[in-house]
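Read through the structure below, which is laid out as structure tokens, and then see the notes.
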Amino acid sequence: MRARLQDKRVVICAGSGGVGKTTTSAALAMGLAAEGKRVAVVTIDPARRLANALGLEDLGNEPHLVDPARLAGHGIEVRGELWAMMLDPKRTFDELIARLAPDERAREEVLANRIYQQISGAVAGSQEFSAVAKLYELDRSGRFDVLVLDTPPSRNALDFLDAPERLTGFFEGRALRVFLVPTGLAARVMGRGTSVFSAVLKRLTGVDLLEDLGVFFRALGGLIEGFKERAAGVTALLRDEGTTFVVVTSPERDPIEEAIFFAGKLRDAGMPFGGLVVNRAHPLDGGPSEADLSALTAALGDDASLAAKVARTYAEERTLAERDQAAIEHLCAQTGERDPIVIPQLDGDVHDIDGLVAIHAHLFAG
Ligand SMILES: Nc1ncnc2c1ncn2[C@@H]1O[C@H](COP(=O)(O)OP(=O)(O)OP(=O)(O)O)[C@@H](O)[C@H]1O
Ligand SMILES: [Mg+2]
């Protein structure tokens with residue numbers, strides 16, 4: 001990793017759900033900070049215990065300095081700085097909208113708007129978009145040498161790549177434009193029937209739907225240009241040569257196929273590909289293909305049934321290791337990658353600094 005990440009300012013860990021993106025991001029950031037870089041890692045929904053281990057109890061939506069003493073106790077000397085944050089997508093989105101609003105009034109109007117509040121939490125890809133928007137903001141702040149971005153547990157890692165375009169698409173799309181044109185659908189929707197409905201709704205619930213809709217589309221209209229510019233900036237950052245994607249996968253079939261697809265997509269799009277991490281593998285460590293039952297029995301105090309169980313477990317592990325090996329070879333053949341970083345399945349979850357240190361040792365070995 002050291003060589004692959006040299007001169008990189010932005011490292012994005014992408015991959016299928018549950019393969020170890022958050023773990024890898026944190027361990028990568030730790031390694032880069034140990035080597036003297038000022039690093040910020042933006043994590044997304046880290047496991048509670050991992051967040052605690054990094055001192056991330058506070059949801060400030062800004063990076064916090066991880067106390068070097070926390071790491072020193074585990075044999076990691078941080079020569080640079082390690083900053084970590086948990087992304088709050090809704091808040092990031094709100095902050096972005098607030099920044100893009102032409103004035104104080106427009107800002108208050110949008111943020112307080114009920115329609116906006118519903119939509120901002122739900123716009124497809126907004127979590128993905130928020131993640132890169134935050135990245136962009138941190139990159140522009142100049143406070144860090146390297147940013148490591150964890151990515152959301154999307155069904156499909158590609159959601160993440162497409163997020164800026166998709167969201168701009170929404171803003172540029174017909175649906176929105178119809179509403180923004182005064183003579184368009186909005187005007188018709190706000191015709192008589194709707195007014196009656198709205199009046200009843202207002203009396204029953206206190207919600208002034210038409211007013212909310214009107215304010216929403218008017219205020220949003222003023223933000224679209226800024227938003228498109230920002231999305232273009234974000235897209236450019238994703239393609240910058242200082243940016244690289246590390247594709248994380250487990251040796252299971254579906255994540256492997258997704259990693260292959262994602263690596264291909266990166267290549268097609270001319271995006272930088274920083275390498276593959278195969279996490280939670282069962283290493284084929286050069287042992288015999290079958291356990292020697294008589295030797296085992298002797299070693300286990302002539303307990304033949306225990307020896308048989310051990311032999312069976314060994315055979316199962318061996319099968320898993322062979323399956324993983326075949327998956328990794330398939331992955332390499334399909335992506336053209338010669339040297340993926342393989343991290344073994346560790347005993348127990350990785351939810352503390354010791355776990356990260358173990359992952360780090362594999363990432364930065366050699
Ligand atoms: N090498 C490993 N050995 C054992 N457990 C691991 C290893 N790597 C990760 N884990 C555990 O697997 C789980 C998933 O890891 P992690 O949260 O990093 O994945 P993720 O890709 O970020 O998931 P999501 O897509 O849900 O965000 C966690 O409980 C983590 O502690
Ligand atoms: Mg995660």
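Which percent of the accessible heavy-atom area of the range 24-81 goes to carbon and sulfur, probe 1.4 angstrom?
Numbers: 1150 of 2460 Å².
Of the solvent-accessible surface of the range 24-81, carbon and sulfur hold 47 percent.
For the range 1-109, state which trypsin sites (Lys or Arg not before Pro) are in a DSSP loop and have at most 13 other beta carbons lying within 10 Å of their beta carbon.
Working: sites: Arg2, Arg4, Lys8, Arg9, Lys21, Lys37, Arg38, Arg48, Arg49, Arg70, Arg79, Lys90, Arg91, Arg99, Arg105, Arg107; in loops: Arg2, Arg4, Lys8, Arg9, Lys37, Arg79.
Listed in order of number, the matching sites are Arg2, Arg79.
Would you mind checking the tilt of helix 304-335 against the longest principal axis of the Cα atoms of the chain, expressed as 0 to 90 degrees and rounded to 10?
Helix 304-335 sits roughly 50 degrees off the main axis of the chain.
Using the Cα gyration tensor of the range 282-366, with a ≥ b ≥ c the square roots of its eigenvalues, what is the shape: rounded (a/c below 1.5), prolate (a/b larger than b/c) or oblate (neither)? Kindly include the intermediate steps, with their values, before the conclusion.
Details: a/c = 3.10, a/b = 1.63, b/c = 1.90.
It comes out oblate by the Cα gyration axes.
Run the numbers for Leu65 and Asp285: contour at 0.36 nm per residue of separation, minus the present Cα-Cα distance, in nm.
Values: separation 220, 0.36 × 220 = 79.20 nm, distance 3.88 nm.
Separation in residues times 0.36 nm, less the Cα-Cα distance, equals 75.3 nm.
How much of the pair distance distribution for the chain lies past 28 Å, counting alpha-carbon pairs only, in percent?
Tail of P(r) above 28 Å: 53 percent of Cα pairs.
Quick one: length gained pulling Arg140 to Ser294 fully straight, 0.36 nm per residue minus the C-alpha distance? Could you put the intermediate results ahead of the total?
Values: separation 154, 0.36 × 154 = 55.44 nm, distance 6.56 nm.
Value of the extension gain: 48.9 nm.
For the range 60-111, what percent of Cα pairs sit more than 14 Å apart? All intermediate terms of the calculation are to be shown ahead of the outcome.
On the way: 848 of 1326 pairs.
Percent of Cα pairs beyond 14 Å in the range 60-111: 64.
Which is farthest toward the positive dipole end of the range 37-107 among Gly60, Val39, Met86, measuring Cα position about the Cα centre, with Cβ charges +1 (Lys, Arg) and -1 (Asp, Glu)?
Highest projection toward the positive end goes to Val39.
D for the range 213-271, whole µm²/s, Stokes-Einstein with Kirkwood Rh over alpha-carbon pairs at 20 °C and 1.002 mPa s: what number? Working shown, then result.
Details: Rh = 14.4 Å.
Answer from the Stokes-Einstein relation: 149 µm²/s.
Please compute the per residue accessible area over the chain with all protein chains in place, 1.4 Å probe, rounded to a whole number of Å². Write down the numbers at each step before the final one.
Values: 17810 Å² over 366 residues.
With all protein chains present, the chain gives 49 Å² per residue.
Among the GluC sites (Glu not before Pro) within the range 1-81, which fall in a DSSP loop and have no more than 11 other Cβ atoms within 10 Å of their own Cβ? Before the final figure, lay out each step's value.
Numbers: sites: Glu35, Glu57, Glu77, Glu81; in loops: Glu35, Glu57, Glu77.
Counting only loop positions with at most 11 other Cβ atoms within 10 Å, the GluC sites (Glu not before Pro) in the range 1-81 are Glu57, Glu77.
Using +1 on the beta carbon of Lys and Arg, -1 on that of Asp and Glu, and nothing else charged, what's the dipole of the chain about the Cα centre, debye to 20? Don't jump to the answer; show the numbers that get you there.
On the way: 41 positive and 53 negative charges, 328 e Å.
It comes to approximately 1580 debye.
Please give the calculated 222 nm ellipticity per residue for the chain, where each DSSP H segment of at least 4 residues contributes -39500 (n - 2.57) and the sum is spread over every residue; nearest 500 deg cm²/dmol? Display every interim value, and only then the final one.
Working: 17 runs with 207 residues, N = 366.
My calculation for the chain gives -17500 deg cm²/dmol from helical runs alone.
The values are calculated or read from the model by the stated rules, or taken from the named source; none is laboratory data. Please read all numbers here as calculations on a predicted model, not as lab measurements. Methodologically, a virtual Cβ is constructed for each residue, glycine included, from the backbone with ideal geometry; neighbour enumeration extends over all protein chains shown. Ligands, DNA and RNA are stripped out before the accessible areas are found, and what is left, the full protein with its side chains, is counted by its heavy atoms. Shrake-Rupley method; radii C 1.70, N 1.55, O 1.52, S 1.80 Å.
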